[in-house]
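Chemist: Below you will find the structure I want to go over with you.
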Amino acid sequence: MENIIEIKGLVKRYDDKVAIDGLDLTVRTGEIFGFLGPNGAGKTTTVRVMSTLADFDCGTVYICGHDIKKDPSKAKACIGMIQQRISLDKDLTIRENMILYSLYHKISSAERRRRIDALSEYIGLTEYMDNMVDTLSGGWKKRAAIVCALIHEPKILFLDEPTVGLDTQARRLLWDIIRRLNNDGTTIFLTTHYIEEAEALCDRVGIINRGKLIDIGPPEDLCSRVGATAVEYFHNGVKTQYRYFQNREEANEFVSTLPEGTTVTVRRTNLEDSFVELTGESVGRVR
């Protein structure tokens, strides 16, 4: 299957507000796909629709070839989901949560034991399996959520801002887990408000604003559409300005025209530049 997700003309309204506005999107089997957008752009709503947690007004959504309206149970069987808020039962141990999730998916007791042992070792949770969820740090809770989401061996894993609230070390460790899952065949769809996360992990990135997909492509392609070289300059208390050029020679020529005393940085364009140019939003407001 070339595309594991196929969305056509998706519309989702909340009363008079249009959260998703005619979205067309495909995600390829085996890729890590990132979704970026300002607050309220429609990222989380799109993920909730795709994962069958929210209904929609019109359009079609296929997951693993299954129409989620006509055959939601088969679509759900292909999906693992990690939401922004950890949905594990805090009054249970990690092992007990995994057992609970396996019962949801009607996995036999023998197969359940095999998968729990394999997943706990795979994610590095073996020594914590009998710990209560509420005793774990944020990073370990995320790992616990991942093993529960993988218990039924889904083909696609949705991660809605998976590293929010984690320190740098925990975030990088989770990146390694995401890469490993993807290398072992799981398609990853993640939303993130960390630009460097999208650049580091994603094969392709879609930028959504006001419910519309405004650009999509590999991070390096999105950057090149702005320009290969960025110039940041600051003078006389005016806020930092940005200009983009196709090469460093053009950038240096521009720098030579700036007034004396201007603070200047010349660097490669990054995904944050592309995001800001396309949406008019600063990265600090990305979610």
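Chemist: Which condition number in (1) crowded, with 18+ Cβ neighbours inside 10 Å; (2) in contact with a His (Cβ under 6 Å, 6 or more places away or on another chain) is the one that K74 fails?
Modeler: Of (1) crowded, with 18+ Cβ neighbours inside 10 Å; (2) in contact with a His (Cβ under 6 Å, 6 or more places away or on another chain), only one is false for K74: (1).
Chemist: Could you grab me the full set of residues in region 226-256 that are basic (K, R) and closer than 18 Å to N270 by Cβ?
Modeler: Once the filter is applied, which keeps residues that are basic (K, R) and closer than 18 Å to N270 by Cβ, region 226-256 yields R243, R248.
Chemist: Looking at region 101-124, which of its residues are of a type in the set (A, V, I, L, M, F, W, C), over 21 Å from D160 (Cβ atoms) and in a helix (DSSP H, G or I)?
Modeler: L103, A110, I116, A118, listed by residue number.
Chemist: Turning to a different aspect of this structure: Assuming T191 fulfils every condition listed in (1) over 13 Å from the mean Cα position of the chain (by Cα); (2) crowded, with 22+ Cβ neighbours inside 10 Å apart from one, which condition is it?
Modeler: (1)
Chemist: Here is a check on your reading of the model: is L258 within 30 Å of A19 (Cβ to Cβ) and either touching a residue at least 12 places away in the same chain (Cβ under 8 Å) or outside the structural domain of T191 (by TED's automatic domain parsing) (or both)?
Modeler: No.
Chemist: Among the residues that make up region 91-98, is at least one of them within 30 Å of L36 (Cα to Cα), surrounded by fewer than 20 Cβ atoms within 10 Å (Cβ to Cβ) and not β-branched (V, I, T)?
Modeler: No, region 91-98 contains no residue that is within 30 Å of L36 (Cα to Cα), surrounded by fewer than 20 Cβ atoms within 10 Å (Cβ to Cβ) and not β-branched (V, I, T).
Chemist: I'd like the residue in region 1-34 that is touching a residue at least 60 places away in the same chain (Cβ under 8 Å) and among the β-branched types (V, I, T) and, out of all such residues, is nearest to I195 (Cα to Cα).
Modeler: By that ranking, first place goes to I32.
Chemist: A follow-up question, please. Can you work out which of the residues in region 219-246 that are part of a loop (DSSP other than H, G, I, E, B) and in contact with a strand residue (DSSP E or B) (Cβ under 6 Å, 6 or more places away or on another chain) is farthest from G37 (Cα to Cα)?
Modeler: Among residues in region 219-246 that are part of a loop (DSSP other than H, G, I, E, B) and in contact with a strand residue (DSSP E or B) (Cβ under 6 Å, 6 or more places away or on another chain), the one farthest from G37 (Cα to Cα) is T240.
Chemist: May I pose another question? Do we have E127 as among the charged types (D, E, K, R) and part of a helix (DSSP H, G or I) here?
Modeler: Criteria met by E127.
Chemist: A follow-up question, please. Looking at region 109-129, can you tell me whether even one residue there is closer than 28 Å to N39 by Cβ, out of contact with any strand residue (DSSP E or B) (no Cβ under 7 Å at 6 or more places or on another chain) and not assigned by TED's automatic domain parsing to the domain that holds G40?
Modeler: No, every residue in region 109-129 fails to be closer than 28 Å to N39 by Cβ, out of contact with any strand residue (DSSP E or B) (no Cβ under 7 Å at 6 or more places or on another chain) and not assigned by TED's automatic domain parsing to the domain that holds G40.
The values are calculated or read from the model by the stated rules, or taken from the named source; none is laboratory data. What you see is a predicted model, and the numbers here were worked out from it, not measured in a lab. So basically every Cβ, Gly included, is an ideal-geometry build from the backbone, and we count neighbours across all protein chains shown.
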